[in-house]
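See structure below.
The values are calculated or read from the model by the stated rules, or taken from the named source; none is laboratory data. Computed from a predicted structure; not experimentally measured. Note: ideal-geometry Cβ built from the backbone for every residue, glycine included; neighbour counts use all protein chains shown. Side chains are part of the model used for accessible areas, which takes the heavy atoms of the whole protein and leaves out ligands, DNA and RNA. Shrake-Rupley method; radii C 1.70, N 1.55, O 1.52, S 1.80 Å.
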Amino acid sequence: MYSSATSDLIAWLQGHETEMIRLLEQAVNLDSGSRYKAGVDRVADLFQEHLDAAGIRTRRHRRDAHGDCVLGEVPGLDDAQEGHVLLLGHMDTVFPEGTARARPFRAEGGTAYGPGVADMKAGLVMNTFIARAFAELGGNRLPIRVLYTGDEEIASPSSREFTMDTARGARAVFNAEPGRPTGNVVSGRKGAFFIDFEVDGVAAHAGVNHDKGASAIEALARKIIALHALTDRQSGVTANVGTLRGGMSVNTVADHAMAQLDVRFPAEVDRDRLHARIVEIIEGEALPCTCGRITHLANFLPFGASESGRQLLAAYQAQARTLGFEVEGEYTGGSADSGLTASVGAPTLCATGPVGGEVHTDREYCRIDTLVPRAQAVALTLMEPPRRAR
Ligand SMILES: [Zn+2]
């Protein structure tokens with residue numbers, strides 16, 4: 001049996017499903033690729049105005065290079081309580097400007113489609129309505145912070161410090177990345193390095209004076225083989241050069257080549273040593289008279305297993321069960337901001353958002369019937385998060 005406050009909360013969220021879908025449609029129809037600041041800021045406006053209209057205090061954190069962050073807060077009712085809870089999500093998507101016009105939000109037979117619908121505009125909508133539910137029903141014992149960031153898909157260069165600061169001291173963090181297609185949440189993620197690098201060589205005519213050249217392409221090829229050899233299924237490290245370019249013409253020894261590398265690693269791997277090895281390969285002289293350098297590096301922190309994370313998962317599972325659904329915690333190689341919040345010691349649960357899949361593709365979908373139950377499960381869990389071990 002639920003207390004009347006709890007039943008009110010469950011009923012309030014159930015009663016706002018149509019409004020949630022409407023806000024989701026508005027958010028999906030705004031392009032917000034990570035590099036399109038004006039678009040991300042428009043999504044920030046949408047959610048900030050929505051919270052303001054609901055009487056929730058918000059602050060805007062301006063960012064120059066990437067989308068702004070928005071932070072809303074519903075004050076806590078119990079001063080004796082330490083800490084707060086954080087509802088987290090990112091507003092940026094991987095899709096370029098024009099995508100929303102080409103394939104706008106569409107709902108068909110209980111499934112919603114559109115760029116970023118699952119990853120993670122549905123999660124943002126869910127977090128927004130959880131905050132609203134508590135604000136309108138008289139509050140929560142712990143303060144509820146709801147944070148919207150603008151550059152997660154490119155490893156959060158402008159928002160990471162702010163996310164970590166906002167998570168510090170939290171009793172629970174719920175990152176509303178899409179629930180797995182199985183309905184599961186995520187209790188562990190790999191960290192990642194995204195690295196752009198270039199190789200210089202010496203140009204020469206490939207027929208007339210081949211011996212005067214030093215091929216940047218051959219040097220790059222050797223580096224790729226060495227980098228891919230970092231892959232180690234046992235420890236969970238994977239390395240992949242996903243793009244490459246180089247050379248000028250078929251009959252010229254290439255004096256330039258470039259590539260992009262993605263390396264993933266679990267929390268147990270020594271990140272600094274792995275990084276040092278990558279730098280050694282890229283900067284080392286793979287061929288005489290060639291040299292390599294890193295031009296851009298982005299990194300995600302791993303989200304490793306912790307006792308407080310396990311307790312939060314168990315609390316969430318118990319609430320989901322009372323609502324009538326079962327969830328497990330999954331481990332995934334995909335990286336996210338949950339690594340940042342876990343790194344400051346905040347008990348974190350990831351992929352608490354509505355269930356979806358095929359993210360980062362034009363087949364991306366979100367199951368509309370999961371908006372309300374997933375919101376209810378987070379709302380019930382944050383009322384009484386597990387006590388922190390001292
Ligand atoms: Zn995401």
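In the chain, the longest principal axis of the Cα atoms and the axis of helix 271-283 are about 30 degrees apart. How large is the dipole of the range 195-322 about the Cα centre if only Lys and Arg carry +1 and Asp and Glu carry -1, each at its Cβ, rounded to the nearest 20 debye? The calculated dipole for the range 195-322 is roughly 480 debye.
Protein heavy-atom surface of the range 1-46, 1.4 angstrom probe: 51% of the accessible area is carbon and sulfur, with nucleic acids and ligands not counted. Site pair Asp79 and Glu384 shows an inter-label distance of 2.5 nm when each label is modelled 7 Å from Cα along Cα→Cβ.
Name the shape class, rounded, prolate or oblate, that the alpha-carbon gyration tensor gives for the range 269-390, where a ≥ b ≥ c are the square roots of its eigenvalues, rounded holds for a/c under 1.5, and otherwise prolate holds if a/b is larger than b/c and oblate otherwise. Don't jump to the answer; show the numbers that get you there.
Working: a/c = 4.02, a/b = 1.92, b/c = 2.09.
It comes out oblate by the Cα gyration axes.
Compared with the alpha-carbon gap, the fully stretched path from Arg42 to Arg273 is longer by 79.1 nm at 0.36 nm per residue. Which percent of the accessible area of the range 236-275 is formed by carbon and sulfur heavy atoms (probe 1.4 angstrom)? About 49 percent, which is the carbon plus sulfur part of the accessible surface.
State whether the range 15-174 is rounded, prolate or oblate according to the following rule on the C-alpha gyration tensor (a ≥ b ≥ c being the square roots of its eigenvalues): a/c under 1.5 gives rounded; otherwise a/b larger than b/c gives prolate, and the remaining case gives oblate. Judged from the Cα gyration tensor, the range 15-174 comes out oblate (a/c at least 1.5, b/c at or above a/b). Were the residues from Glu17 through Thr243 laid out at 0.36 nm apart, the gain over their Cα-Cα distance would be 77.2 nm. In this simple spin-label approximation, Val202 and Ala314 carry label points 7 Å from Cα along the Cα→Cβ vector, and these lie 6.6 nm apart.
Applying the criteria of a DSSP loop state and at most 12 other Cβ atoms within 10 Å to the GluC sites (Glu not before Pro) of the range 243-310 yields Glu268, Glu285.
Kindly count the pairs of lysines across the chain whose alpha carbons are less than 30 Å apart, treating pairs on different chains or eight or more residues apart as eligible.
Details: Lys37/Lys121; Lys37/Lys190; Lys121/Lys190; Lys190/Lys223; Lys212/Lys223.
Value for the chain: 5.
Given a 1.4 Å probe, how much area per residue of the chain is accessible, in Å²?
Numbers: 16810 Å² over 390 residues.
For the chain, the per-residue accessible area is 43 Å².
With both residues required to sit in the chain, DSSP beta bridges show an antiparallel share near 70%. For the peptides 2-9, 371-378, residues were scored by their other Cβ atoms within 10 Å and the scores averaged per peptide; the highest-first order is 371-378, 2-9.
What the pair-distance distribution of the range 119-172 shows, using all Cα-Cα distances binned every 5 Å from zero, is 4, 16, 22, 23, 21, 9, 4, 1 percent.
On the range 76-199, 47 percent of the accessible area sits on carbon and sulfur atoms, based on a 1.4 Å probe.
Apply the a/c threshold of 1.5 to the C-alpha gyration tensor of the range 1-63 and tell me whether it is rounded, prolate or oblate. Don't skip to the end; give the middle numbers.
Working: a/c = 3.27, a/b = 2.00, b/c = 1.63.
Here the range 1-63 falls in the prolate category.
About its Cα centre, the chain has a charge dipole of approximately 420 debye under the convention of +1 per Lys or Arg Cβ and -1 per Asp or Glu Cβ, with nothing else charged. Derived from the Cα gyration tensor, the three semi-axes of the equivalent ellipsoid of the chain are 43, 22, 18 Å, largest first.
Are there any chymotrypsin sites (Phe, Trp or Tyr not before Pro) in the range 286-390 that are in a DSSP loop and have at most 16 other Cβ atoms within 10 Å? List them by number. If you can, show how the numbers build up before the last one.
Details: sites: Phe300, Phe303, Tyr316, Phe325, Tyr331, Tyr365; in loops: Phe325.
Those that pass, being in a loop and sparsely packed, are Phe325.
Entry note, the chain: the mean residue ellipticity at 222 nm calculated from DSSP H runs of n ≥ 4, each adding -39500 (n - 2.57), is -10500 deg cm²/dmol after division by the residues and rounding to the nearest 500.
Between the residues Gln81, Ala53, Ala133, the greatest Cα displacement towards the positive end of the dipole of the range 53-147, with unit charges on the Cβ of Lys, Arg, Asp and Glu, is found for Ala53.
What order do you get for 116-122, 209-215, 340-346 when each peptide is scored by the mean count of other beta carbon atoms within 10 Å, highest first?
Ranking the peptides 116-122, 209-215, 340-346 by packing returns 116-122, 340-346, 209-215.
Each peptide in 39-48, 195-204, 52-61 was scored by the mean count of other Cβ atoms within 10 Å over its residues; highest first, the order is 39-48, 195-204, 52-61.
Averaging 1/r across all pairs of distinct Cα atoms in the range 99-236 and inverting the result yields a Kirkwood radius of 20.5 Å.
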